[in-house]
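Data block below; observations after.
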Amino acid sequence: MARLLITGPDGQQERELQAHNSLGRHPENSIQLLDRIVSKQHCFVDLRGNRWVLRDLGSLNGTYINDQRVNGEQLLNHGDQISLGNTRAVFHDVADGRGVGASFVPPQPVFPPMSAGASSTPFSPAPPTAPSVQALGAPPRPPLGAGPVSGMTPTPAPPQAQRPNIVRNVTIGGAMMESHVRTKIAAELQQFLPEKSVTDVEVLRRDYEKLRIAYELQRAVGSELDLDILLEKILERSFDLLSADRGVILLLEEGELKARCSRARRAGPEELVVSRAVVGQVMKEKVAVLSSDAKVDPRFSESKSIIMTGIRSSMAVPLLHKQELLGIMMVDSQNPNAFGEKDLQLFTNIANQAALNIANAALALRIEREALARVRFQRLLSPAIAELVVSGKVEVKQGGEPRPTTMLFSDIRGFTSRSETMPAEEIVAMLNDYFERMVEIVFRHEGTLDKFVGDEIMALFGAPVSHPDDALRAVRVSLEMLEALRVFNEEREARGQPTFEIGIGVNTGEVVAGYIGSSKAMQYTVIGAPVNLAARLCSAAKGMQIIISESTWQAVRDHFEVRELEAIKPKGIAQPVRVFEVLGAR
């Protein structure tokens, strides 16, 4: 009998193996793993003859046996350690002659508690939501340099074949750390004197070094715009140029430093404790700092993390782009004299070029996001209003906000019966031509297209952008829609095609406007009783008739000829409602 002793984010479990076993995140697997970075169907464990075989199914994050990535299939032996995402398992085979006895120790939890009495503020890696554009449905790439969350050390990620060793725990030192700043230099922009102005050989040497670093780093990163990959390449190149044991890149996100990429020269469960005092000085003064573990400088009397972890020498430099602090790069070494002032200058040059690359990646991402947003909003808003929303001059709030808005509903009379006698292709062509003309009118008056529902159009005036004459605009649009439909019908009649009529309902009132829906499908719309009344008025309107509510009439009465109709009692509304037919402009 064989079994797996599994420890994962959802706790521990012991599962007896069948002849065929599938492991993954999806509930249809014979062994479900509630681990967000495990694939839906991650691997198979099968009995072939008298041996057990593990087969990886092309999972994004891989399957590891004894810290070695499985490429295809691999035989399992008693006691093998299996890693899938944040989940660990021990393979146990009774047929191997070494059954589970009193001496057997199950795998340790992957969430060990922090050391007692440790005073540290954790850095947690930022989620990769937006740094890179992934294919839809692709599982997220696990963040590098994963830091702990409140009160816990992070789940160690499995080592990856031919990838840099990852520092698995990045924290900021607190009251148990002391460090001494040996050297600090002011960050400087990458500026170069004209050739005629260079008279000092040392200046020439420094300029050459800046250019060399820029060339080396640019050659390493190329045109990479995926932020996670870019940071990894930057840190990898830094290790090539410096004799560092470990390194980390911390980026400022929402005013807080986040560990986004880390690396260790040696394999093993490394921990990097960053001096709070050093980080604070780098951020406050925007200087590059070379420090060691001597208890000399009273400004760092509350820091002990360098001594606590045996670090002897470290460098921290700001990532500055046009004097804006993007984050911090830090490397350290067990050697007390690993770095000198020249190394600090070299590391500063690396950081200057790295900051430029990071800023370029962020700019490319922002441009891509704005382009996608512009396309999305231009489907709902006029081009001028869409540009205001994309540029941030007009805020569209998620979750909704109360707004006075005028709603316009229009639909084709008798469309259902008409569609039963027309070919589907002809119906689609007719609707597309009709919608194109109607939406152009809505956008011309800076209205918002809320949605199409079959043959119905719902348009908004006052959300997300309001005007003092929104009700007036809505009624003008209604009249222009009827006129545009008359022209459209003349064209169709000339081609021997059937004509049709529409009815329009308009109401004004306070509604809740914003993005509403699920986390996977959000839509800008409005909800509230005034919306329902506008829809009811549309249903009550006859062909080529515009019916407006009393609230809309009060706002437009001086601009249009109307006649009051008999009050109606729409479904779902207790009291009869005064309604008016719009006859034309005054």
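Residues in the range 345-366 that are surrounded by fewer than 22 Cβ atoms within 10 Å (Cβ to Cβ) and more than 28 Å from the chain's Cα centre (by Cα): Gln345, Leu346. Looking across the range 403-444, the residues that are small (Gly, Ala, Ser) and open to solvent by less than 50 Å² (accessible area, probe 1.4 Å) come down to Ser410, Gly414, Ser419. In this structure, Arg536 does not satisfy being part of a strand (DSSP E or B) and of a type in the set (Lys, Arg). How do the pairs read when you match residues in the range 538-561 that are more than 20 Å from Asp470 (Cβ to Cβ) with residues anywhere that are of a type in the set (Lys, Arg) and open to solvent by 10 Å² or more (accessible area, probe 1.4 Å), using Cβ under 8 Å and keeping only pairs 6 or more apart or on different chains? As it stands, the answer is Lys542/Arg413; Gly543/Arg413; Glu561/Arg586, since those pairs meet every condition given. Cβ-Cβ distances below 7 Å connect the following pairs, each with a first residue in the range 493-517 that is at positive phi, a second residue that is part of a strand (DSSP E or B) and acidic (Asp, Glu), and a separation of six or more residues or different chains: Gly514/Glu401. Does Ser39 satisfy the criteria of being modelled with pLDDT of 90 or more and among the small types (Gly, Ala, Ser)? Criteria not met by Ser39. The single condition from (1) within 16 Å of Phe415 (Cα to Cα); (2) among the hydrophobic types (A, V, I, L, M, F, W, C); (3) part of a helix (DSSP H, G or I) that Phe500 fails is (3). Right, Val512: surrounded by fewer than 21 Cβ atoms within 10 Å (Cβ to Cβ) and more than 42 Å from the chain's Cα centre (by Cα) or not? Answer is no for this residue. All conditions in (1) assigned to a helix (DSSP H, G or I); (2) modelled with pLDDT of 95 or more; (3) hydroxyl-bearing (Ser, Thr, Tyr) hold for Thr405, with the sole exception of (1).
Yes or no: the range 27-44 includes at least one residue that is within 19 Å of Val94 (Cβ to Cβ) and part of a loop (DSSP other than H, G, I, E, B). Before the answer, list the steps.
Taking the range 27-44 as the starting set, the residues that turn out to be within 19 Å of Val94 (Cβ to Cβ) are 31.
Retained after the next criterion (residues that are part of a loop (DSSP other than H, G, I, E, B)): none.
Scanning the range 27-44, I find no residue that is within 19 Å of Val94 (Cβ to Cβ) and part of a loop (DSSP other than H, G, I, E, B), so the answer is no.
Residues that are at pLDDT below 50 and either assigned to a loop (DSSP other than H, G, I, E, B) or surrounded by 15 or more Cβ atoms within 10 Å (Cβ to Cβ) (or both) do occur in the range 75-97, at least one of them. If you go through the range 240-250 and keep only what is over 14 Å from Thr348 (Cα atoms) and surrounded by fewer than 24 Cβ atoms within 10 Å (Cβ to Cβ), you end up with Asp240, Ser243, Asp245. Scanning the range 1-14 for residues that are in a strand (DSSP E or B) and either surrounded by fewer than 17 Cβ atoms within 10 Å (Cβ to Cβ) or β-branched (Val, Ile, Thr) (or both) yields Arg3, Ile6, Thr7, Gly11, Gln12, Gln13, Glu14. The C-beta contact set for the range 223-234 (first residue farther than 17 Å from Arg366 by Cα, second residue in a helix (DSSP H, G or I), distance under 7 angstrom, 6+ apart or interchain) comprises Lys233/Ala220; Lys233/Val221; Ile234/Leu217; Ile234/Val221; Ile234/Ala354; Ile234/Asn357. Scanning the range 543-586 for residues that are of a type in the set (A, V, I, L, M), open to solvent by less than 70 Å² (accessible area, probe 1.4 Å) and outside any strand (DSSP E or B) yields a total of 6. For the range 45-65, the condition of being within 33 Å of the chain's Cα centre (by Cα), modelled with pLDDT of 90 or more, among the β-branched types (Val, Ile, Thr) and open to solvent by less than 60 Å² (accessible area, probe 1.4 Å) holds for at least one residue. Restricting attention to the range 274-316, the residues that are open to solvent by less than 40 Å² (accessible area, probe 1.4 Å), at pLDDT below 70 and among the β-branched types (Val, Ile, Thr) total 3. Within the range 364-376, none of the residues are modelled with pLDDT under 80 and not in a helix (DSSP H, G or I).
Looking for whichever is open to solvent by 20 Å² or more (accessible area, probe 1.4 Å), touching a strand residue (DSSP E or B) at 6+ places or on another chain (Cβ under 9 Å), assigned to a helix (DSSP H, G or I) and at pLDDT 90 or above here; the options are Arg476, Arg486. Which one fits? Explain how you work it out, then say what you get.
Details: Arg486 fails: touching a strand residue (DSSP E or B) at 6+ places or on another chain (Cβ under 9 Å).
Answer to the check: Arg476.
For the range 214-243, filtering for residues that are closer than 22 Å to Val289 by Cα and at pLDDT below 70 leaves 1.
The values are calculated or read from the model by the stated rules, or taken from the named source; none is laboratory data. It should be emphasised that the depicted structure is a prediction, and the values quoted were computed from it without experimental measurement. Note that each Cβ is placed from the backbone with ideal geometry, even for glycine, and that neighbours are counted across all protein chains shown. Quick note on the areas: whole protein, heavy atoms, side chains included, nothing else; ligands and nucleic acids left out. Shrake-Rupley method; radii C 1.70, N 1.55, O 1.52, S 1.80 Å.
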